[in-house]
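Contents: one structure, followed by commentary.
The values are calculated or read from the model by the stated rules, or taken from the named source; none is laboratory data. Note that this is a predicted model, so its numbers are computed, not measured. Neighbour counts are summed over all protein chains in view; Cβ atoms, including those assigned to glycine, are modelled from backbone coordinates with ideal geometry. Calculation scope for accessible area: heavy atoms of the full protein, side chains included, ligands and nucleic acids excluded. Shrake-Rupley method; radii C 1.70, N 1.55, O 1.52, S 1.80 Å.
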Amino acid sequence: MKFAVALTLAALAAGPAFAQEAKPAKPDLAKGQITAATCQACHTADGSRGVPTYPILQGQHAAYIVKQLTEFKAGKRMNPIMMGMAAPLSPEDMVNVAAFFASKAPVKGESTSKETLALGQSIFRGGIASKKVPACAGCHSPNGAGIPAQYPRLGGQHVEYTTTQLNTFRSGERANSIQMTAIAAKLSDAEIKAVADYIAGLH
């Protein structure tokens, strides 16, 4: 009993020091920019529009980028290129490069298919009741801005990339989100294409 009390008193006495030590380091944007140089072949130097088959990182939530890099490194999210890119990154590197991309203003894209615009909007804003598909806006917000530390920004994202990710969630190839796997499994090719195109024009 005396030993437990002594430990408690010691912990209380050292509380401020422990709290200071546990406080995460502030992201270093300069170091993040240096790390981001290795990403520019696919994502461009600032994470903007880049190659359509790869995601726009500019303006993406830092916590989401860190989560994805961590899961690529751990093999929880499978992609040969990104697993190789994430492998040498330390947690500090991930925080820095994520903060660098997040510090950039979100890009604006545009929808290109007038024929599917109404369907895409309906799915994104209202879901598909008959299939028990929830509205995308519920997690990713009505304008596609997402929710920091929980759900990614989708607005303005490449149609090709969004389509690919929904397809890989549907097939189970991408398995790092139980929610998205369950939702995508209920979507048809036409519905995926329509909502991906609608998302591209959100801002």
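Answer with yes or no whether G146 is among the small types (G, A, S), under 18 Å from H203 (Cβ atoms) and at pLDDT 95 or above. So G146 fits the description; yes. Scoring L89 on the criteria (1) in a helix (DSSP H, G or I); (2) open to solvent by less than 50 Å² (accessible area, probe 1.4 Å); (3) among the hydrophobic types (A, V, I, L, M, F, W, C) leaves a single failure, condition (1). Taken as a whole, the condition of being part of a helix (DSSP H, G or I) and more than 18 Å from the chain's Cα centre (by Cα) applies to A118.
For every residue, the table says whether it meets (1) out of contact with any Phe, Trp or Tyr (no Cβ under 8 Å at 6 or more places or on another chain); (2) under 18 Å from Q157 (Cβ atoms); (3) of a type outside the set (A, V, I, L, M).
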residue	(1), (2), (3)
R49	yes, yes, yes
P55	no, yes, yes
Q58	no, yes, yes
K73	yes, no, yes
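For the range 45-86, how many residues meet the condition of being open to solvent by 30 Å² or more (accessible area, probe 1.4 Å), touching a residue at least 40 places away in the same chain (Cβ under 8 Å) and part of a helix (DSSP H, G or I)? The total comes to 4.
Contact map, the range 184-195: residues that are within 13 Å of V159 (Cβ to Cβ) paired with residues that are buried (at least 20 other Cβ atoms within 10 Å of the Cβ) and small (G, A, S), Cβ distance under 8 Å, separation 6+ or inter-chain. Pairs shown: I192/A184; A194/G120; V195/G120. Taking T112, is it open to solvent by 40 Å² or more (accessible area, probe 1.4 Å), hydroxyl-bearing (S, T, Y) and within 30 Å of T70 (Cβ to Cβ)? Taking the combined requirement at face value, the residue does not satisfy it. Residues in the range 17-35 that are hydrophobic (A, V, I, L, M, F, W, C) and either modelled with pLDDT under 95 or not in a helix (DSSP H, G or I) (or both): 5 in all. Right, R174: assigned to a loop (DSSP other than H, G, I, E, B) and surrounded by 19 or more Cβ atoms within 10 Å (Cβ to Cβ) or not? It is true that R174 is assigned to a loop (DSSP other than H, G, I, E, B) and surrounded by 19 or more Cβ atoms within 10 Å (Cβ to Cβ). Within the range 117-142, being touching a residue at least 60 places away in the same chain (Cβ under 8 Å) and open to solvent by 30 Å² or more (accessible area, probe 1.4 Å) holds for L117, L119, Q121, C136.
The rows are residues; the columns are (1) of a type outside the set (K, R); (2) part of a loop (DSSP other than H, G, I, E, B); (3) open to solvent by less than 40 Å² (accessible area, probe 1.4 Å); (4) at negative phi.
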| position | (1), (2), (3), (4) |
| --- | --- |
| D93 | yes, no, no, yes |
| F100 | yes, no, yes, yes |
| G144 | yes, yes, yes, no |
| L154 | yes, yes, yes, yes |
| T162 | yes, no, yes, yes |
| N167 | yes, no, no, yes |
| E191 | yes, no, yes, yes |
| L202 | yes, yes, yes, yes |
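Tell me whether the range 126-141 contains one or more residues that are out of contact with any His (no Cβ under 6 Å at 6 or more places or on another chain), part of a helix (DSSP H, G or I), among the aliphatic types (A, V, I, L, M) and over 28 Å from T70 (Cα atoms). Yes, the range 126-141 contains a residue that is out of contact with any His (no Cβ under 6 Å at 6 or more places or on another chain), part of a helix (DSSP H, G or I), among the aliphatic types (A, V, I, L, M) and over 28 Å from T70 (Cα atoms).
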